[in-house]
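Everything on this sheet refers to the single structure shown next.
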Amino acid sequence: MEQYPIPQFIEQEGKIAFFISFRQFFYLVGAGVICFVFYLVLPFFLFLLLSLVVGVVTSILAFVTINGAPIINILLASIGFAAGVKNYTWKKKESPYPF
């Protein structure tokens, strides 16, 4: 019988360049495209302002994790929880006394 290696660390994302994963790379590329469109369409001051906002939001989405989970997963889960149906059930505790 041949022995096959068991994959280790399967919960980690693959890195494509240095410390950047595919997900982080595509966030940064998307932000770059958005900033380029802003540069072509908007006046320079508005371009700088909006590009700064897009850069900060993209950096947070790409690099911030909470308890090992990407912040986008936490944001989507919190939106799903807030928008979802909540069922509150209450069960009266029975007392050993009749009254």
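Each reported figure results from applying straightforward, stated rules to the coordinates on display, with no laboratory input. The shown structure was predicted, so the numbers you read here are calculated from the model rather than taken from an experiment. Using ideal geometry, Cβ is built from the backbone for each residue, glycine included, and neighbour counts are taken over all protein chains shown.
A few notes on this one:
- Here the Kirkwood formula puts the hydrodynamic radius of the chain at 18.3 Å, using every distinct Cα pair.
- By the beta-carbon count within 10 Å of each Cβ, the least crowded to most crowded order of 2, 94, fewest first, is 2, 94.
- Dipole magnitude of the chain about its Cα centre (Cβ charges: Lys, Arg +1; Asp, Glu -1), debye to nearest 20: 500 debye
- Exposure proxy ranking, count of Cβ atoms within 10 Å, fewest first, for 81, 25, 38: 81, 25, 38
- Ellipsoid semi-axes in whole angstrom, largest first, where each is sqrt(5λ) of the Cα gyration tensor of the stretch 15-70: 25, 13, 7
- Loop-resident sites, the chain, for trypsin sites (Lys or Arg not before Pro), counting at most 11 other Cβ within 10 Å (DSSP): 86, 91, 92, 93
- Per residue, the average separation of C-alpha pairs within less than 8 Å and at least 6 apart gives the stretch 15-70 a relative contact order of 36 percent.
- Derived scalar couplings ³J(HN,Hα) [the stretch 36-49; Karplus, 6.51 cos²θ - 1.76 cosθ + 1.60; whole Hz; x for Gly, Pro]: 5, 5, 4, 4, 6, 9, 9, x, 4, 5, 5, 4, 4, 5
- Choice from 27, 88, 39 with maximal GNM fluctuation in the chain (Cα, 10 Å cutoff): 88
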